[in-house]
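Asker: Take a look at this one; I'll ask things after.
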Amino acid sequence: MPACCPRLTTSSIVSCLLTIALNNSALADDHRLDEFQRVELSDIYFSEGAGAGDINGDGHGDAVYGPHWYEGPAFEKKHEIYPAVPQNMKGYADHFFHWVYDFDGDGNNDVLTAGFPGTPGYVYRNPGRNNLDSLWEKFTVADQVSNEAPQFADITGDGIPELICTRDGHYGYYLPAAGKPLEAWTFHSISAATAPKPFGHGLGVGDVNGDGRMD
C-alpha cells in the first residue's frame, strides 16, 4: 500500500466510528423537532387549496379556504367572503388558490383567487374591520389564469408581487396599471406559445443564476 494511504487498523476504525458517533450525538442534541397542531377548518369541500394572512388586522395570521376566512389563532370563527357553494367531491372545485395582500393600499388585506385553469382571477376587496361579516366586493383582474401552479411573487423587482401564470400558451405575469389595482390587469408574455393550454403541471419562481433577479 502506498505511503500516502496508511493501512487502517481495527483500533483506528473503531476510533473513527466513535468520533462519528460522538459528532452525530452532538448534532442530535442541537436538533429540535417542531410539532404542529392540526386544526380542521371544515369538513366540506369548497376549494382545492387554502391561503393565509392577517385579514382583520389583529396581528394574528388568519386562514382563507374557499368562500370563508377563519380567525386566527384559534381558527374557530369563520366569516363569508362570497356565497358558499359546496363543490362536487367527484370533480374539481371552482376555486384553487388564495393569496392575501393589500391591493388597494387601504391598510386592509384583500384576497386574490384563481380557480380552475383557464378561468379568471378575482380580487375580493376587504370591506374593513368593522364590516368583516359583509360579503366582499369582487373584481375581475385577470381574464384567464392558466397553469395548475400559478405563483404570486415579485418577479419584476419593484417590491410588489405579480400574478405569474400562463395565458394562451405563453408564460408570463399579470401587472395592474399604476394607481388602478382593482381594474383589469395586463398580461406580459415572456415566452413563445410553448406552454400547455390551459393546464400544465408546475411553475416556479426563483433566482436561478444568482444575478439578483427572479427567473
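The values are calculated or read from the model by the stated rules, or taken from the named source; none is laboratory data. These figures come from a predicted structure and were not determined experimentally. Every residue, glycine among them, receives a Cβ derived from its backbone with ideal geometry; neighbour counts consider all protein chains shown.
Asker: May I ask you to list the residues in the stretch 192-215 that are touching a Gly at 6+ places or on another chain (Cβ under 7 Å) and either under 17 Å from Ala142 (Cβ atoms) or not in a loop (DSSP other than H, G, I, E, B) (or both)?
Answerer: Ala193, Ala195, Lys197, Pro198 - these are the residues of the stretch 192-215 that are touching a Gly at 6+ places or on another chain (Cβ under 7 Å) and either under 17 Å from Ala142 (Cβ atoms) or not in a loop (DSSP other than H, G, I, E, B) (or both).
Asker: Here's something else I'd like to know. Please determine, by comparing only the residues of the stretch 28-74 that are hydroxyl-bearing (Ser, Thr, Tyr) and touching a residue at least 40 places away in the same chain (Cβ under 8 Å), which one is nearest to Trp136 (Cα to Cα). Break it down into steps so the answer makes sense when it comes.
Answerer: Our first condition is that a residue be hydroxyl-bearing (Ser, Thr, Tyr); within the stretch 28-74, this holds for 42, 45, 47, 65, 70.
Next, from what is left, pick out any that are touching a residue at least 40 places away in the same chain (Cβ under 8 Å): 45, 47.
Values: Tyr45: 21, Ser47: 18 Å.
Applying the filter and picking the extreme gives Ser47.
Asker: Which condition from (1) closer than 18 Å to Ala149 by Cβ; (2) modelled with pLDDT under 95 is the one that Ala178 breaks?
Answerer: (1)
Asker: Which one is nearest to Lys197 (Cα to Cα) among residues in the stretch 168-186 that are in contact (Cβ under 8 Å) with a residue 40 or more places away in the chain and surrounded by 19 or more Cβ atoms within 10 Å (Cβ to Cβ)? Step through it out loud before you land on a result.
Answerer: Initial filter on the stretch 168-186 (in contact (Cβ under 8 Å) with a residue 40 or more places away in the chain): 174, 176, 181-185.
Subsequent filtering for residues that are surrounded by 19 or more Cβ atoms within 10 Å (Cβ to Cβ) retains 174, 176, 181, 185.
Details: Tyr174: 17, Pro176: 23, Pro181: 27, Trp185: 20 Å.
So, considering only residues that are in contact (Cβ under 8 Å) with a residue 40 or more places away in the chain and surrounded by 19 or more Cβ atoms within 10 Å (Cβ to Cβ), the one nearest to Lys197 (Cα to Cα) is Tyr174.
Asker: Follow-up question, since we're still on this one. I'd like to know if the stretch 133-149 contains one or more residues that are surrounded by fewer than 12 Cβ atoms within 10 Å (Cβ to Cβ) and not polar (S, T, N, Q). Before the answer, list the steps.
Answerer: We begin by selecting, within the stretch 133-149, every residue surrounded by fewer than 12 Cβ atoms within 10 Å (Cβ to Cβ); these are 133.
Remaining after also requiring not polar (S, T, N, Q): 133.
The answer is yes, given that some residue of the stretch 133-149 is surrounded by fewer than 12 Cβ atoms within 10 Å (Cβ to Cβ) and not polar (S, T, N, Q).
Asker: Please give the strands (runs of 3 or more DSSP E) falling wholly within the stretch 74-123 in which 1 or more residues are more than 16 Å from Pro176 (Cβ to Cβ) and of a type in the set (D, E, K, R).
Answerer: Details: elements: 78-80, 97-101, 110-114.
Where strands (runs of 3 or more DSSP E) fall fully within the stretch 74-123 and carry at least 1 residues being more than 16 Å from Pro176 (Cβ to Cβ) and of a type in the set (D, E, K, R), they are 78-80.
Asker: Right, next: Given Ala50, Ala142, which one is under 15 Å from the mean Cα position of the chain (by Cα), closer than 27 Å to Pro196 by Cα and of a type in the set (A, V, I, L, M)? Step through it out loud before you land on a result.
Answerer: Values: Ala142 fails: under 15 Å from the mean Cα position of the chain (by Cα).
Sole residue among the options that is under 15 Å from the mean Cα position of the chain (by Cα), closer than 27 Å to Pro196 by Cα and of a type in the set (A, V, I, L, M): Ala50.
Asker: Please pick out the residue among His95, His79, His68 that is surrounded by 15 or more Cβ atoms within 10 Å (Cβ to Cβ), in contact with a Ser or Thr (Cβ under 8 Å, 6 or more places away or on another chain), modelled with pLDDT of 95 or more and under 18 Å from Tyr124 (Cα atoms). Before the answer, list the steps.
Answerer: Values: His95 fails: modelled with pLDDT of 95 or more; His79 fails: in contact with a Ser or Thr (Cβ under 8 Å, 6 or more places away or on another chain).
Just one listed residue meets the conditions, His68.
Asker: Okay, next question. For the stretch 127-146, what are the residues that are among the acidic types (Asp, Glu) and either touching a residue at least 60 places away in the same chain (Cβ under 8 Å) or closer than 30 Å to Arg167 by Cβ (or both)?
Answerer: The answer is Glu137, Asp143.
Asker: Tell me the residue from Val141, Val205, Val145 that is of a type outside the set (Phe, Trp, Tyr) and more than 20 Å from Val64 (Cβ to Cβ), please. Steps first, please.
Answerer: Working: Val141 fails: more than 20 Å from Val64 (Cβ to Cβ); Val145 fails: more than 20 Å from Val64 (Cβ to Cβ).
Within the list Val141, Val205, Val145, the selection yields Val205.
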